[in-house]
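Below: the structure, in structure tokens.
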Amino acid sequence: MQDTPAKHTDDKKAIVGTTGHEWDGIQELNNPLPRWWLWTFYACVLWAIGYWVVYPAIPLVSSFTQGTFGWHSRSAVVADLDGLKTLRAPMNAKIEAASLADIEKTPELLSFARAQGSAAFAVNCSPCHGAGAQGFKGYPNLNDDDWLWGGSLDAIYTTLQHGIRWDADKDTRSSMMPSFGKDGILKPAEISVVADYVRSLSGLSTDKDADLAAGQKIFADNCAACHGDKGEGNQEMGAPKLNDKIWLYGSDKSVIMERITLGGGGIMPAWGARLDNPTIKSLAVYVHTLGGGQ
């Protein structure tokens, strides 16, 4: 019963030979690869060589082979973008000539502006504000009614055009919250008290022993000039409302204390230096129609 497999193995060894490898008495036969597999492999090698010849592929010391076809992915993308600009040109001319208000009132222009604005938003704005413009910590939600610099069409357009605290643009929106703690303007105990008062403005709970009257006095002396006497905010200065339940960095007392201590403010690029005016106008219309525009 055991002689037959051994004889079969010996016959196989005589035909194909072995690789010389053996494990526990089991020898590895040197079976040839299937002929179809070999021809496929050779064809792939020839295809790869041809690809190296006709397309840019082989790196050199300071550049790379150009390929006999003269094709480059960058030039192909540029050509596609130029074609898109040509296709959009008639409508962009209308967008350029129309006011922002007229764009929203004209169905044809509104439809085009929203489509173009949505595409521009996905490429340029969504990394910070989110794909649905829902915002993240430190990046405003563009769907609600809380606007740092105003949510009208003109205000949104100005913000897009000149950015926020963007030093390269002389007309950028600019304001800065002082570093009350870092610069020694307020002591830690005072920061704690005023943080409780700020939370109370929007109906949030405060420490049991919080002296809200003292917090109100500190707020009036240091914060009201920008945020308003009742925390209503000031869009002219980009000072957020403090009496609603919408928070840019969070409503925890520790977070509020951190903002009071460190101060500062976020930065947004001036898109006027990167995008053409019809695209910026389309972006303004798109953002304005998300649901939170004023």
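In the chain, once you exclude exposed chymotrypsin sites (Phe, Trp or Tyr not before Pro) (DSSP loop, at most 16 other Cβ within 10 angstrom), what's the longest stretch remaining?
So the longest stretch without any such site is 72-248.
Quick one: Cα centre-to-centre distance for region 147-216 and region 75-90, in angstrom?
Cα centres, region 147-216 to region 75-90: 44 Å.
Which links in K105/K241; K170/K253; K94/K245; K85/K105; K170/K217; K241/K281 stretch past 29 Å when you go from one Cα to the other?
Pairs exceeding 29 Å: K105/K241; K170/K253; K94/K245; K170/K217.
For region 157-195, state which trypsin sites (Lys or Arg not before Pro) are in a DSSP loop and have at most 14 other beta carbons lying within 10 Å of their beta carbon.
When the trypsin sites (Lys or Arg not before Pro) of region 157-195 are filtered for loop state and at most 14 Cβ neighbours within 10 Å, K170, K182 remain.
Once the piece of chain linking N30 and V53 is laid out straight, how much longer is it, given 0.36 nm per residue of separation minus the C-alpha distance between them?
4.7 nm is the gain from fully extending N30 to V53.
Could you list the trypsin sites (Lys or Arg not before Pro) in region 71-146 that lie in coil according to DSSP, counting only those with at most 15 other Cβ atoms within 10 Å of their Cβ?
Those satisfying the criteria are K137.
How big is D, in µm² s⁻¹, for the chain by Stokes-Einstein at 4 °C and 1.567 mPa s if Rh is the Kirkwood radius over C-alpha pairs?
51
With point charges of +1 on the Cβ of Lys and Arg and -1 on the Cβ of Asp and Glu, referenced to the Cα centre of the chain, which listed residue (A225, F41, G70) lies farthest in the positive direction of the dipole?
Value computed over the given set: G70.
Within the chain, which whole H helices from DSSP have a Cα span along their axis of at least 27 Å and a mean Kyte-Doolittle hydropathy of 1.0 or more, if any?
Counting only whole DSSP H runs, the qualifying helices are 35-54.
May I ask you to sort H288, H21 by Cβ crowding, counting other Cβ atoms within 10 Å and putting the fewest first?
Final ranking by Cβ density, sparse to dense: H21, H288.
Considering only S111, W149, Q294, whose Cα is most displaced toward the positive end of the charge dipole of the chain, charges sitting on Cβ of Lys, Arg (+1) and Asp, Glu (-1)?
S111
Springs between alpha-carbon atoms under 10 Å, Gaussian network over the chain: tell me which of E236, E104, E22 tops the mean-square fluctuations.
Checking each option, the largest mean-square fluctuation is seen for E22.
Which percent, nearest 5, of DSSP beta bridges in the chain are antiparallel?
Among the beta bridges of the chain, antiparallel pairing accounts for roughly 90 percent.
Quick check on the exposure proxy: order D80, D24, D169 from fewest to most C-beta atoms within 10 angstrom.
D24, D80, D169
Once you have a ≥ b ≥ c as the square roots of the Cα gyration tensor eigenvalues for region 51-204, tell me rounded if a/c is under 1.5, and otherwise prolate or oblate according to whether a/b is larger than b/c.
Judged from the Cα gyration tensor, region 51-204 comes out oblate (a/c at least 1.5, b/c at or above a/b).
Gaussian network model of the chain, Cα springs within a sub-10 Å range: biggest mean-square fluctuation belongs to which of L242, L142, L87?
Highest fluctuation of the listed residues: L87.
Please state the relative contact order of the chain as a whole percent: Cα pairs under 8 Å, 6+ residues apart?
22
Just so you know, all these numbers are worked out from the coordinates, no wet-lab data involved. What you see is a predicted model; the values in this text were computed from it and never measured. FYI the Cβ positions are ideal-geometry reconstructions off the backbone, even for glycines, and counts take in every protein chain you see.
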